[in-house]
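Engineer: Pasting a structure below so you can have a look.
The values are calculated or read from the model by the stated rules, or taken from the named source; none is laboratory data. Quantities reported herein were computed from a predicted structural model and do not represent experimental measurements. No Cβ is skipped: glycine too gets one built from the backbone with ideal geometry, and neighbour counts run over all protein chains shown.
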């Protein structure tokens, strides 16, 4: 089965930009599942953390369990606290490369046998890498959960990294980059915009890595990355589904508890300096239409303003009643499409994104002016009661609907665990409900301003004849 790299903003770029809010996040992760709807449960719960238990094994591995007996199914997920933010210049992309190599086998399990074993037991599996984590999952009938336990415990510490596999898979990853970024003008622009937006933060390089770094990778680089970050002390399990905790936990202890713990690497990174003025990036590539993207530095979920930005994004582009669609797409016909997206669930503060494609015959300059006009309204005018209520209702509906599968329930818990602990999940809806119209005006005036922005513009070049 082809592994799917975690791409965080499907509406904007296949190369993954921003760790979007709940309005978009779930559609991203679940797009990698071939049989997601088989794992749907009849009733989502707003209080998802009710019934969640946490256990820490002596070797440092955290185990997060949530019983859900709606169907005889289970999702078993292993999340490692390592992504592209844990890399260094000259060695970018190692986390994503290691994700690929994790399917190359151990002494017990031969190359490419991992997925075959899962499929033979009636399940499916995949993996994804982001800036902040690398995650692996298996979806199975609950009576087959031991298969996932044994396979994941084995490769957590016993992966065999062969030179032949490394050379072959590196070519695969390089081709993946060519297809997803080098040959995709919008993705290429996203990459260049983020490289300009961040000067210190490791978010300035792409998840998949720079091509020149891929060419310099060595097998020793990969082995070192594996030894450093793939240990019980730097990982946690999330299991959701039809099981009994008192029966499942001893089985997990037996398989994972015997693994050497290691030490969790330092996750602190230098903060990004405050921007003092707008930055602009222009890319000229073969493309059919221009493209515009803007990034504004904003806080993550540790700051209450991040929840205000979630609502602001919904006001701007939450459906066909939103400002972008109503004003820019339908009424003025300046934009073919326009989106806003907030980076809530990121380990370090990231960006609030605007992106848009101009309507054929309209210039990117007109489009940028129109987007700026909508932000100016947000900064100076108070959002109306009905508009604010509609935006909040959309967010809440998406949040609740997003818990309609075992996989997404586990992923929600895990994403919050990465950033601030899974218990933070229950803060989401109360924080959204508390947002006021004045909060939106205040926060927009603080963050969504020109001196805090990086602008990327794609100028299309005619195709080769």
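Engineer: Within the stretch 298-321, how many residues are in contact (Cβ under 8 Å) with a residue 60 or more places away in the chain and farther than 19 Å from residue 203 by Cα?
Structural biologist: Summing the residues that are in contact (Cβ under 8 Å) with a residue 60 or more places away in the chain and farther than 19 Å from residue 203 by Cα in the stretch 298-321 gives 15.
Engineer: Which is farther than 22 Å from residue 405 by Cβ, modelled with pLDDT of 95 or more and assigned by TED's automatic domain parsing to the domain that holds residue 245, of 88, 129, 75?
Structural biologist: Of 88, 129, 75, the one residue that is farther than 22 Å from residue 405 by Cβ, modelled with pLDDT of 95 or more and assigned by TED's automatic domain parsing to the domain that holds residue 245 is 88.
Engineer: What is the one condition in (1) touching a helix residue (DSSP H, G or I) at 6+ places or on another chain (Cβ under 6 Å); (2) in contact (Cβ under 8 Å) with a residue 24 or more places away in the chain that residue 228 does not satisfy?
Structural biologist: Here residue 228 meets the rest and fails (1).
Engineer: Would you mention how many residues in the stretch 53-77 are touching a helix residue (DSSP H, G or I) at 6+ places or on another chain (Cβ under 7 Å) and assigned to a strand (DSSP E or B)?
Structural biologist: 12
Engineer: Checking the conditions here, which among 313, 370, 356, 338 is at pLDDT 95 or above, surrounded by fewer than 24 Cβ atoms within 10 Å (Cβ to Cβ) and within 23 Å of residue 186 (Cα to Cα)?
Structural biologist: Only one candidate passes the filter, namely 370.
Engineer: Can you pull out every residue in the stretch 397-411 that is assigned to a helix (DSSP H, G or I), out of contact with any helix residue (DSSP H, G or I) (no Cβ under 6 Å at 6 or more places or on another chain) and in contact (Cβ under 8 Å) with a residue 60 or more places away in the chain?
Structural biologist: 400, 401, 409, 410
Engineer: Something else now. Could we say that residue 375 is more than 15 Å from residue 458 (Cβ to Cβ), touching a strand residue (DSSP E or B) at 6+ places or on another chain (Cβ under 7 Å) and not in a strand (DSSP E or B) here?
Structural biologist: No, not satisfied.
Engineer: Take residue 404 and tell me if it is within 22 Å of residue 51 (Cβ to Cβ) and crowded, with 19+ Cβ neighbours inside 10 Å.
Structural biologist: Here the answer is yes, as residue 404 does meet what is asked.
Engineer: Residues 197, 233, 187: which one is assigned by TED's automatic domain parsing to the domain that holds residue 96 and in contact with a strand residue (DSSP E or B) (Cβ under 9 Å, 6 or more places away or on another chain)?
Structural biologist: 197
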